[in-house]
Structure formats: C-alpha cells, structure tokens
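For reference, the structure is listed below as structure tokens.
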Amino acid sequence: MMRKIVLASNNQGKLREFSQILAPLNISLHVQSEFDVPEADEPFLTFVENALAKARHAARLTGLPALADDSGLCVNALHGAPGVFSARYAGEPKSDSRNNQELVSNLEEQQDRSAYYYCVLVYVRSEFDPQPIIADGRWIGEIISTPRGEYGFGYDPYFFIPSMGKTAAELSPELKNSLSHRGQALRSLLEKL
C-alpha cells in the first residue's frame, strides 16, 4: 500500500530528488500546493527550527504526515552565510540567478572558498507529534566563480566538489542524490523511520 506524505515545500527540484529516493519504499510524496497549503513562515535562525515549523504547518493543514527540510549553503569565509537565508540571499523575490551573483560578488576578495551544503529533515506524523524524526546531512565543497553544469538548482552550478573535479550541477541526478546533503539526510531519516 502506498503511503501518502505531504512535502512541506513547493520546490519541484526537492520533490524530484526526494521522490526518486522514496519511490522504492511505497511512499507517495506530494507538494503542499496540491492541498492549497500556503508556504509557512521561516522566522528562525536555525535550520532545525524552520524545518519543524514547516512540517507542523503542512501536517496541520492537510491532516497527513509531513516531511519538511530546511537546507542551505554555508560558506566559511562568510561566517556561515547565506545559511538559513540561502533561498532569499539576494532578497525578494527569490532568484537563483541573483543569489548566485550575490554569493560570487561577496567572495571576490576571499581566499577561502570552502563551503558546505547542509540539510535538516523533519518528519512529523501529525501537527502535534511529540517525537518528530530529525535527520541531517552535510556535503563539503567549495565555491567557484564561473558556473558549470546543467543539472540541479540553486547554487549547484557554483558548488564544486574537488574530489570529483565537478560541480553539483555537472552530476547526474542519481549520482547527486547518492552524495548530496539532502540524500544523506534522507537516508538517515529512512533508517530512523
């Protein structure tokens, strides 16, 4: 029997990544917009608090179990920025292009280009679940100045993995899912489920 879970996001890139990993487990993942759920506020300064708020919001408005993530790019030379503000780093409206321009501009004078993607996943069975299942993952790389690749989304064309000699956007979706912060967090979550 297929289990239905609401993804507390409208991000099609995340839906694709999560669905590919969850499909063999008879989990049917649906973006919250399918249920007319508006995006939740993300007022917190930590990934885990934002993910928990989003999961509870989606579960409350749908009556279904909910999965939420909060993830972002953390750049060491920028003291962890853009961090929880990754999607809106260059302001509103959200724009991957403007976010990437802002990032590259802010790193122009920096020698240290080390960075990592970080993801926290929160699964709640209901809005008031007293024991949310929480998992996280980290993917280490560095930021380059010129984009490369056509896969992925967000900062992927600028996120370079030295051991592979490629950016995240140059990896096939399957390979990216096996390595990424989101893939790591999801596998950890599935073990806990």
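All of the numbers you see were taken from the coordinates with simple rules; none came from a lab. Note that the structure is a prediction, hence the values are computed from the model and not measured. Virtual Cβ from ideal backbone geometry, glycine too; neighbours counted across all protein chains shown.
Annotations
- Residue check for Leu190: part of a helix (DSSP H, G or I) and surrounded by 15 or more Cβ atoms within 10 Å (Cβ to Cβ): yes
- Test set (1) touching a residue at least 60 places away in the same chain (Cβ under 8 Å); (2) part of a loop (DSSP other than H, G, I, E, B); (3) not basic (Lys, Arg) - Ser145 fails condition number: (1)
- Top-ranked residue of the range 74-87 - restricted to ones that are assigned to a loop (DSSP other than H, G, I, E, B) and at positive phi, ranked as surrounded by the most Cβ atoms within 10 Å (Cβ to Cβ): Gly80
- Count of the range 1-28 residues, restricted to those that are within 12 Å of Asp69 (Cβ to Cβ), outside any helix (DSSP H, G or I) and not hydroxyl-bearing (Ser, Thr, Tyr), is 3.
Okay, residues lined up against (1) within 13 Å of Arg125 (Cα to Cα); (2) touching a helix residue (DSSP H, G or I) at 6+ places or on another chain (Cβ under 6 Å); (3) β-branched (Val, Ile, Thr):
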site	(1), (2), (3)
Arg56	yes, no, no
Ala59	yes, no, no
Gly72	no, yes, no
Ala77	no, no, no
Pro82	no, no, no
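- Residue selected from the range 148-160 under the condition without any contact (Cβ under 8 Å) to a residue 60 or more places away in the chain and crowded, with 20+ Cβ neighbours inside 10 Å, by the criterion farthest from Val75 (Cα to Cα): Pro157
- Among the residues of the range 85-110, those identified as touching a residue at least 12 places away in the same chain (Cβ under 8 Å) and polar (S, T, N, Q) are Ser86, Asn99, Asn100, Asn106, Gln110.
- Tally of residues being in contact (Cβ under 8 Å) with a residue 12 or more places away in the chain and closer than 19 Å to Gly13 by Cβ across the range 161-193: 22
- For the range 25-57, a tally of residues being crowded, with 18+ Cβ neighbours inside 10 Å and either hydroxyl-bearing (Ser, Thr, Tyr) or in contact with a His (Cβ under 6 Å, 6 or more places away or on another chain) (or both) returns 1.
- For the range 77-130, a residue qualifies if it is more than 15 Å from the chain's Cα centre (by Cα), of a type in the set (D, E, K, R) and closer than 18 Å to Ala168 by Cα, and exactly one does: Arg113.
- Residues located in the range 148-159, provided they are assigned to a loop (DSSP other than H, G, I, E, B) and of a type in the set (Ser, Thr, Tyr): Tyr151, Tyr155
- Scoring Ser71 on the criteria (1) more than 16 Å from Phe160 (Cα to Cα); (2) in a loop (DSSP other than H, G, I, E, B) leaves a single failure, condition (2).
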